[in-house]
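Here you go, one structure.
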């Protein structure tokens, strides 16, 4: 089955347990349609780059799934209909990386960034 990564942004006025309950809800939607959630992470409340529905912050959640495309489409459809979910992003990936996502890693654990010299662009 194809591998996917999903990011959900929920409204800021939810409690942490309600936001984590959304993760469980959408995990069961995938499971009911023949898929499975390999890993999930709750990233917490983060500031948005721009206002979405008059909200400046949102609860971020990350899911790694192994599911058929029909299950992913159903999960996205239900997420868009859900009042608490503001945005959904789904990306198809070749393989799931082991360990925590980049958002959950400490700065020291991340790899070195490339320099941003103008000469490197040529």
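Please verify whether the stretch 47-68 includes one or more residues that are touching a helix residue (DSSP H, G or I) at 6+ places or on another chain (Cβ under 7 Å), over 25 Å from residue 1 (Cβ atoms) and at pLDDT 90 or above.
yes
Now for a separate question. Considering (1) closer than 14 Å to residue 5 by Cβ; (2) assigned to a strand (DSSP E or B), say which one residue 72 fails and leave the rest.
The number of the failed condition is (2).
Still on this structure, please answer the following. Give me a count of the residues in the stretch 59-75 that are free of Cβ contacts under 8 Å to residues at least 40 places away in the same chain and within 16 Å of the chain's Cα centre (by Cα).
1
May I ask you to list the residues in the stretch 1-58 that are assigned to a strand (DSSP E or B), within 19 Å of residue 86 (Cβ to Cβ) and touching a residue at least 60 places away in the same chain (Cβ under 8 Å)?
Listed by number, the residues that qualify are 5, 6, 7, 8, 9, 10, 11, 41, 43.
Inside the stretch 77-98, can you point out the residues that are in a helix (DSSP H, G or I) and surrounded by 17 or more Cβ atoms within 10 Å (Cβ to Cβ)?
79, the sole residue that qualifies.
When residue 110 is evaluated against the numbered criteria (1) within 16 Å of the chain's Cα centre (by Cα); (2) outside any helix (DSSP H, G or I); (3) at pLDDT below 75, which criterion, by number, is the only one it fails?
Every listed condition holds for residue 110 apart from (1).
The values are calculated or read from the model by the stated rules, or taken from the named source; none is laboratory data. Source: prediction; values computed, not measured. As a convention, Cβ positions derive from the backbone with ideal geometry for all residues, glycine included, and neighbour counts pool all protein chains shown.
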